[in-house]
1. R229 is checked against (1) surrounded by 19 or more Cβ atoms within 10 Å (Cβ to Cβ); (2) assigned to a helix (DSSP H, G or I) and fails just one. What number does that condition carry?
2. Report, by residue number, each residue of region 38-78 that is part of a helix (DSSP H, G or I), within 16 Å of G199 (Cα to Cα) and more than 18 Å from the chain's Cα centre (by Cα).
3. So which residues in region 337-354 are farther than 16 Å from I58 by Cα and within 21 Å of the chain's Cα centre (by Cα)?
4. Among the residues of region 159-176, is there at least one that is out of contact with any Asp or Glu (no Cβ under 6 Å at 6 or more places or on another chain), charged (D, E, K, R), under 19 Å from N116 (Cβ atoms) and open to solvent by 10 Å² or more (accessible area, probe 1.4 Å)?
5. Considering only region 260-281, how many residues are in contact (Cβ under 8 Å) with a residue 60 or more places away in the chain, under 22 Å from the mean Cα position of the chain (by Cα), surrounded by fewer than 21 Cβ atoms within 10 Å (Cβ to Cβ) and assigned to a helix (DSSP H, G or I)?
6. Considering region 296-315 alone, what residues qualify as being within 27 Å of L214 (Cβ to Cβ), modelled with pLDDT of 85 or more and not aliphatic (A, V, I, L, M)?
7. Could you list, ordered by first residue, the pairs with Cβ atoms under 9 Å in which the first is in region 86-107 and within 19 Å of Y241 (Cα to Cα) and among the aliphatic types (A, V, I, L, M) and the second is assigned to a helix (DSSP H, G or I) and open to solvent by 40 Å² or more (accessible area, probe 1.4 Å), at least 6 apart or interchain?
8. Can you pull out every residue in region 282-297 that is of a type in the set (V, I, T) and outside any helix (DSSP H, G or I)?
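The values are calculated or read from the model by the stated rules, or taken from the named source; none is laboratory data. Keep in mind the model is a prediction, meaning the values are calculated, not measured. Because the Cβ atoms are built from the backbone with ideal geometry, glycine has one as well, and the counts that use them run over all protein chains shown. Accessible surface is based on the protein model in full, side chains and every heavy atom, while ligands, DNA and RNA are left aside. Shrake-Rupley method; radii C 1.70, N 1.55, O 1.52, S 1.80 Å.
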Amino acid sequence: MFSDLQRTYEGQTVLVTGHSGFKGSWLTTWLHQLGAKVFAIGLPPEQGPDSLYNVARIEELCDSRWLDIRDTNGVFNLIQQIKPRVIFHLAAQALVHRGYREPIFTFGTNIMGAANILEAARQTTSVEAVVFVTSDKVYDNKEWVWAYREVDALGGLDPYSASKGAAELVARPYMTVLKSEGDRLRVATARGGNVIGGGDWSKDRIVPDIVRSLIGNQPIVLRRPDATRPWQHVLELCCGYLSLGAKLLNGTPEIQASPESFIGSYNFGPERTNEMPVRELTRSALQAWGERDYPVDMGPAEHHEATYLRVDSSKSQATLGWRPHLSFEQTIEWTMRWYSDYCIARQDARELVTAQVTAYTNFFLRNSQ
């Protein structure tokens, strides 16, 4: 798989939206390592100087432009100027709690901003593929015990989840009836689970909250200790996005699968063993940090959040050749080691990111022999 990624992206003009965010910073770094010519658009990181974008110096790895994707003319003009072959659309308002505080901004960015990207891609003749990143929260969550498949109903009670479900509906016409000139544009949506990894400092996310408490010597406060999530490392998702983009560009020639056959929606989730309640994630994170007996308190849950959610990734595994590789223990260990090396050992953030990209690639190769 990784040799296919190198052949696909080396020398290609790629656009990443949302590169200043957590996942966008990791994806931009990996694309740079693959030899892609990376252009990137987004808003300045809200975490300021401590953001992964800043401390890992992501602007040195790409041609970075600040642009609000709600700016229709700005998006159209810039994409037509850049002329990318493939777009990875990650720009979004990505926080559930912020969605409650700022629903209009959430809807505007996640729905109309996404429509701007897709329409600009349709009208830009260089663009052949769009990997359109949404979320596992697009589903109408019944909190049942079996996993959601790509054919299950979309929904979402909170503004963030509803906006991501609506974004999937916006993407659907671009997969089908809103054809580009010569039917060259191929769009697929990527629905990932709860992603964790080094360098995320977002508010109201469990791992950043744990690390902030540890660094500040404050008790950890859990809002929903029994909420079960499919935890996966950010590199697992980035690998899924890159694999999907490669299939949209090249197909699978050895089995005569055309690039068009990969248009659609794909779940990217971990193995069942990575589905753990917040309480267990916290315990494992503290153990990895070396603070097994650290104080943990319970706090009030202000807004609705689903207690149980998991997705079925069998389609991605069968059609893309993608599969998760890191166990729950490895996911936690890689994540907390990054934070420890950065916060305690004061190692360089860029070097930590690139080292884990390389380690992930080598880990895959070792386990595929």
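1. Unmet condition: (2).
2. Just the residues of region 38-78 that are part of a helix (DSSP H, G or I), to begin with: 48-50, 52-55, 58-61, 72-78.
Subsequent filtering for residues that are within 16 Å of G199 (Cα to Cα) retains 48-50, 52-55, 58-59.
Those that are part of a helix (DSSP H, G or I), within 16 Å of G199 (Cα to Cα) and more than 18 Å from the chain's Cα centre (by Cα): G48, P49, D50, N54, V55, E59.
3. Of everything in region 337-354, those that are farther than 16 Å from I58 by Cα and within 21 Å of the chain's Cα centre (by Cα) turn out to be R337, W338, Y339.
4. Step one: of region 159-176, the residues out of contact with any Asp or Glu (no Cβ under 6 Å at 6 or more places or on another chain) are 159-176.
Narrowing further to those that are charged (D, E, K, R): 164, 168, 172.
Adding the requirement that they be under 19 Å from N116 (Cβ atoms) leaves 164, 168, 172.
Among the residues that remain, those that are also open to solvent by 10 Å² or more (accessible area, probe 1.4 Å) are: 164, 172.
Yes: region 159-176 contains one or more residues that are out of contact with any Asp or Glu (no Cβ under 6 Å at 6 or more places or on another chain), charged (D, E, K, R), under 19 Å from N116 (Cβ atoms) and open to solvent by 10 Å² or more (accessible area, probe 1.4 Å).
5. Looking only at that region, the number is 1.
6. D297
7. L90/K23; A94/K23
8. Residue satisfying the conditions is V296 alone.
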